[in-house]
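A.B. asks: Please read through the structure below; I'll follow up with questions.
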Amino acid sequence: MDNEYLKPLPAPDHLTAPFWDGCKANKLLLQRCKQCSTSQFPPGPLCTKCRSAELEWSEASGKAKVYSWIVVRHPIPADVYKDEVPYVVALVDLDEGPRMSTNIVDCVPESIKDGMPVEVAFKQVSDAITLPLFRPAK
Amino acid sequence: MWNLRDQCAIAGIGYTAFTKNSGVTVLELATEACMKACQDAGVNPDEVDGIISFNFGDSVPSMSVATAMGLKDPQWVVEYSSGGNAANLITLAATSAIKSGLAKNILCFRAMNGRSGFRLGGGRQMAAYGVTQFTAPYGWITYPQAMAMWCQRHMNKYGTTKEQLAHVAVQFRQNAMQNERAMQRKPLTFEEYHSARKIVDPFGLYDICLESDGACATLITSAERARDMKKKPVYIMGGAYGGGPAQGEDLFDIIRWPDPAENFAPYIADALWKSAGIGPMDIDVAEIYDCFTYSVIMALEGLGFCKPGEGGPFVAAGGIRRDGPLPTNTHGGLLSEAYIHGFNHVIEAVEQLRGEAGVRQVPNAEIALTTAGAMTCGSAMILRR
Ligand SMILES: [Zn+2]
C-alpha cells in the first residue's frame, strides 16, 4: 500500500479491533446487545441502553441517511489535506439505528442534502486499515 | 442543584493584556492576573488560601502560581482539565469550597499563550486512539470542523441562515470597537462577513473565535467577607453545570449526542434559573460563550430567551444589540475581544455590574448571565450587584 499515507490512522484496541477487522473484510460490523437487541456504535464495554455486557458483532446493511455534514475547505494540517479539500465529513444514521461519522464520496459537496440515502463504500488505506466511507445510494 | 444563592461573591478581578504574542510565560501571565485580582479586592495575598484553574494541557498548574505568588498556607489547590465548559464551573466549585470551610479566599484563573504557544483550534494529534479513531481518520480533526457539524444540523432542522450568523459576528465586533482591551477593533461589515475566506462550511473566517495570549483571574470569597473588601461585591446568585446524556468520550465526540441542534444549555436551564430564583426576563446583560457565532444562538434557545429554532430570527431582529432586549457580549466576546476560554466573559460581567464598563456600560445593569461551553457539557452563572 501507499507508504506516503499521512492522514490519521485508527489505532484499533481490544474494543474496536473486531470493527476494523470487519472493514478489512468489507463488512460493516456493529455491536448488538443479546439482551435487548439494540445495535450500538462506537463499541463499548456495555450496552448503553440496558447495561448488559452480553454483546455480539452483527453485520449491518451498510445503508444510511445523511444527518449532518461539513465541507472542509481550509486544510489542517495543510501538508496532509491541501490536495484533499474540499472534502465532506458527515454524520450518517445507519438503518440499524446508530450514528457514525464518515466521509461522503463520489458526489459534489453541493449535492448533499439532509436525509439523503447513502451506502457504505469501503476504502483500503493501509495494510491493516480499511475505512467505511459512504456514497449516494444507487 | 447548586444552592448557595448570594452566599459568595466575586470580590476582585484581574487580567493581563490580550495579545497575539505575550512574549512571556504562561506562569507570568497567570501570576499577573492573580496579583491584580488581589489588589482589586484589596486583599493581601497572604490571606489567599485557595486557588483553582482549568486548562487543556496548555497552562500552568495552580500550585505553580501559588508558589510564584508566595502564598503562605494554600489549603485548596485544584485543577480542572477541560475546555471552555469549565469557565464558570471553577467558580461554582470555589463557592462550595468556601461554604464547606476548605478555604476562605480563592483565586480562580485561566491563563494561556493560546496564539503564540499551543493553538487549540489549530488541530489535534494525528494518532487516532480511543473514540478519535472514529473521527480523525475522516479528516474531522479541528474544533471549527467539530462545531460546523452542530451548526449545519441547526440549519437543517430550523432553517438558520448565514445572514443570521452574521448578525452575531457584526454585533460583537461593534461591541469590541468600544473596548480598549479587545484584540479586534476594526469595523466588520455584513459584506466583509459574507465574502470572508471559507474555512469549513458553514463557517467562514468571522464565524470562528480569535486565538489569544492572556490571563484572567477572579477572587472569590464569602458574601460577608466581600462586604468588608475594597470593591462592591458581585454576588453569585445562581449557577449550574452539566449536559445531557452521552456527553462523549472526549469533548470532540458527538456520535451519541441526541441532537446537535441543541447543546448542553437546555439540560442545565431549569437548575440555573431555579438556583437564582429568577428567569430569562430578569437578565440585564448576557456574556455568552461564543467560540463560534452559532453557539450564541443555541445558548439563547437552550436557556429560554427564545424558543428552539427562534435564535436566528432573535439575533437578526436586534435581540442581542447593546440597545436591544438582551445586550450580549458587551466586550466583544471570544469572537472579537479575546479567547481566554470564556473567563473574559466573567470579567466583563463583573465590570458591567459594578458600573465600571465605561463607554460599554449597559445602564442600570443589576443582573448578568455568563455561560461557558458550547457542546455537550457546560456551565453558567447568574451574577448580581
Ligand atoms: Zn441492551
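A.B. asks: If you take the Cα Rg of the range A:63-129 and divide it by 2.2 N^0.38 Å, with N the number of residues, what do you get?
C.D. replies: 1.18
A.B. asks: Here's a follow-up. For B:K72 paired with B:E47, estimate the spin-label separation in nm (one decimal), with each label point 7 Å from Cα along the Cα-to-Cβ line.
C.D. replies: So the label points at B:K72 and B:E47 sit 1.2 nm apart.
A.B. asks: Now for a different question. With a 1.4 Å probe on protein heavy atoms only, work out how much accessible surface A and B bury together, total over both chains, in Å² to the nearest 100.
C.D. replies: Working: alone 8370 and 14540 Å², together 19760 Å².
In total, this chain pair buries about 3200 Å².
A.B. asks: Give me the extension gain from A:A17 to A:D127: residue separation times 0.36 nm, minus the current Cα-Cα distance, reported in nm with one decimal.
C.D. replies: 38.2 nm
A.B. asks: A further question follows. Which residues of the range A:10-52 end up with at least 30 Å² less accessible area in the presence of all protein chains than when their chain stands alone, using a 1.4 Å probe?
C.D. replies: A:A11, A:W20, A:F41, A:P42
A.B. asks: May I pose another question? Can you pick out the pairs among B:K186/B:K307; A:K49/B:K162; A:K24/B:K157; A:K24/A:K138 whose Cα atoms lie more than 30 Å from each other?
C.D. replies: Where the Cα-Cα span goes over 30 Å, the pairs concerned are B:K186/B:K307; A:K49/B:K162; A:K24/B:K157.
A.B. asks: Then there is this: Per the Debye formula with a single identical scatterer at each Cα and no solvent contribution, what log10 I(q)/I(0) holds for the range B:307-361 at q = 0.27 Å⁻¹?
C.D. replies: The Cα Debye sum returns log10 ratios of -1.07.
A.B. asks: Next up: Starting from the 7 Å offset along Cα-to-Cβ, what nm value, one decimal, do you get for the label separation of B:R227 and A:R51?
C.D. replies: Distance between label points: 4.7 nm.
A.B. asks: Under the 0.36 nm per residue contour assumption, what length would be gained going from the current alpha-carbon distance of A:K65 and A:K34 to full extension?
C.D. replies: 8.6 nm
A.B. asks: Now for a different question. To make sure I understand the rule: partners must be lysines, Cα under 27 Å from the Cα of B:K231, and not fewer than 8 residues away in the same chain. Which ones qualify?
C.D. replies: Hits, sequence-local ones excluded: B:K36, B:K72, B:K99, B:K104.
A.B. asks: Could you please state, rounded to a whole Å, how far the C-alpha centre of the range A:95-137 is from the C-alpha centre of the range B:145-224?
C.D. replies: The distance from the Cα centre of the range A:95-137 to that of the range B:145-224 comes to 31 Å.
A.B. asks: Additional query: With chain A treated as a Gaussian network of Cα nodes joined by springs under 10 Å, which of A:K65, A:K24, A:K82 yields the largest mean-square fluctuation?
C.D. replies: Comparing A:K65, A:K24, A:K82 in a Gaussian network model of chain A, the most mobile one is A:K82.
A.B. asks: Mind checking the dipole of chain B: about its Cα centre, +1 per Lys or Arg Cβ, -1 per Asp or Glu Cβ, Debye to the nearest 20?
C.D. replies: Values: 33 positive and 38 negative charges, 57 e Å.
The dipole of chain B has a size of about 280 debye.
A.B. asks: What residues have an amide H closer than 5 Å to that of B:N88, excluding those fewer than 5 places away on the same chain, when H is modeled at 1.01 Å from N in the peptide plane?
C.D. replies: Amide H neighbours of B:N88: B:S379.
A.B. asks: Right, here's the next one. Using a 1.4 Å probe on the protein chains only, how many percent of the accessible area of the range A:54-138 belongs to carbon and sulfur?
C.D. replies: For the range A:54-138, the apolar C and S fraction of the accessible surface comes to 51 percent.
A.B. asks: Going Cα to Cα from B:K274, which aspartates and glutamates come in below 20 Å? Please leave out same-chain ones fewer than 8 positions away.
C.D. replies: Answer for B:K274, where 20 Å is the Cα cut-off: B:D6, B:D282, B:D284, B:E287, B:E301, B:E366, listed by chain and number.
A.B. asks: Shielding of A:94-102 by partners, i.e. mean partner chain Cβ atoms within 10 Å per residue?
C.D. replies: 3
A.B. asks: Heavy atoms only, probe 1.4 Å: what % of the accessible area of the range B:237-282 goes to carbon and sulfur, would you let me know?
C.D. replies: 55
A.B. asks: Please report, largest first and rounded to whole Å, the three semi-axes of the ellipsoid equivalent to the range B:238-369, where each semi-axis is the square root of five times an eigenvalue of the C-alpha gyration tensor. Write down the numbers at each step before the final one.
C.D. replies: Numbers: eigenvalues 122, 50, 46 Å².
So the three semi-axes of the range B:238-369 are 25, 16, 15 Å.
A.B. asks: Quick one: plug the Kirkwood hydrodynamic radius of the range B:76-190 (C-alpha pairs) into Stokes-Einstein at 37 °C, 0.692 mPa s, and report D in µm²/s.
C.D. replies: Working: Rh = 18.3 Å.
My calculation gives 179 µm²/s for D.
A.B. asks: Here is a further query. Per residue of A:61-73, how many C-beta atoms from partner chains lie within 10 Å of its own C-beta, taken as a mean?
C.D. replies: Counting other chains' Cβ atoms within 10 Å and averaging over A:61-73 gives 5.
A.B. asks: Go through the range A:85-102 residue by residue and turn each phi into a ³J(HN,Hα) via Karplus (6.51, -1.76, 1.60, θ = phi - 60°); whole Hz please, and just put x for glycine and proline.
C.D. replies: 6, x, 10, 10, 9, 9, 9, 10, 9, 5, 4, 6, x, x, 9, 8, 8, 6
A.B. asks: Okay, moving on. Quick one: work out the % antiparallel among DSSP beta bridges in the range A:17-136, nearest 5.
C.D. replies: Taking every DSSP beta bridge with both residues in the range A:17-136, the antiparallel ones total about 95 percent.
A.B. asks: Just the Cα atoms of the protein assembly as shown, one point each, no solvent: what log10 I(q)/I(0) does Debye give at q = 0.08 Å⁻¹?
C.D. replies: -0.52
A.B. asks: If amide hydrogens are placed 1.01 Å from N in the peptide plane, which non-local residues have theirs closer than 5 Å to the one on A:S68?
C.D. replies: Here A:L91 satisfy the definition.
A.B. asks: I've got another one for you. Please sort by residue number the GluC sites (Glu not before Pro) in the range A:16-86 whose DSSP state is loop and whose Cβ has at most 15 other Cβ atoms within 10 Å. Working shown, then result.
C.D. replies: Details: sites: A:E54, A:E56, A:E59, A:E84; in loops: A:E54, A:E84.
Qualifying residues, ordered by number: A:E54, A:E84.
A.B. asks: Shifting gears a bit: Using r as the Cβ-Cβ distance of B:E180 and B:D58, and R0 as 22 Å, what FRET efficiency do you calculate, to the nearest 0.05?
C.D. replies: On the way: r = 26 Å, r/R0 = 1.18.
My answer for the efficiency is 0.25.
A.B. asks: Can you give the helix-only mean residue ellipticity at 222 nm for chain A, where every DSSP H stretch with n ≥ 4 adds -39500 (n - 2.57) and the sum goes over all residues, rounded to the nearest 500 deg cm²/dmol?
C.D. replies: -2000 deg cm²/dmol
A.B. asks: Next question, about the same structure. Roughly how compact is the range B:141-295, stated as its Cα Rg over 2.2 N^0.38 Å to two decimals?
C.D. replies: 1.24
A.B. asks: Tally the DSSP beta bridges in chain B and give the antiparallel ones as a percent, rounded to 5.
C.D. replies: 70
A.B. asks: Give me the 1.4 Å probe accessible area per residue for the protein assembly as shown, excluding ligands and nucleic acids, in Å².
C.D. replies: In whole numbers, the protein assembly as shown has 38 Å² accessible per residue.
A.B. asks: Ordering B:R360, B:R5, A:R135 from largest to smallest accessible area (1.4 angstrom probe), what's the sequence?
C.D. replies: Details: B:R360 5, B:R5 110, A:R135 70 Å².
Sorted by accessible area, descending: B:R5, A:R135, B:R360.
A.B. asks: Enter the Cα centre distance for the pair the range A:1-40 and the range B:295-314, rounded to the nearest angstrom.
C.D. replies: Between the Cα centres of the range A:1-40 and the range B:295-314 lies a distance of 38 Å.
A.B. asks: So, one more: Cα-based Rg of chain B per 2.2 N^0.38 Å, rounded to two decimals? Show your work: numbers first, answer last.
C.D. replies: Working: Rg = 19.3 Å, N = 385, 2.2 N^0.38 = 21.1 Å.
Output field value: 0.91.
A.B. asks: Which value, in Å² and to the nearest 10, is the accessible area of B:Y241 when all protein chains are kept and the probe is 1.4 Å?
C.D. replies: 80
A.B. asks: Spelling out what I want: for every residue of the range B:43-56, take phi, set θ = phi - 60°, compute 6.51 cos²θ - 1.76 cosθ + 1.60 (Karplus), and round to whole Hz; glycine and proline get x.
C.D. replies: Taking θ as phi minus 60°, the curve returns 10, 5, x, 4, 8, 7, 10, x, 7, 9, 8, 10, 7, 10 Hz for the range B:43-56.
A.B. asks: Can you give me the P(r) profile for chain A? Cα pairs, bins 10 angstrom wide beginning at 0, each as a whole percent.
C.D. replies: Distribution as computed: 12, 37, 36, 13, 2 percent.
A.B. asks: Considering only DSSP beta bridges whose two residues both sit in the protein assembly as shown, what percent are antiparallel, to the nearest 5?
C.D. replies: 80
A.B. asks: Can I ask one more? Please give the solvent-accessible surface of B:W76 in Å², to the nearest 10, using a probe radius of 1.4 Å with every protein chain present.
C.D. replies: 40
The values are calculated or read from the model by the stated rules, or taken from the named source; none is laboratory data. Fair warning: this is a prediction, and the values are worked out from it, not measured in the lab. Cβ atoms come from the backbone with ideal geometry, glycine included; neighbour counts cover every protein chain shown. These area figures cover heavy atoms from the full protein model, side chains too; ligands, DNA and RNA do not enter into them. Shrake-Rupley method; radii C 1.70, N 1.55, O 1.52, S 1.80 Å.
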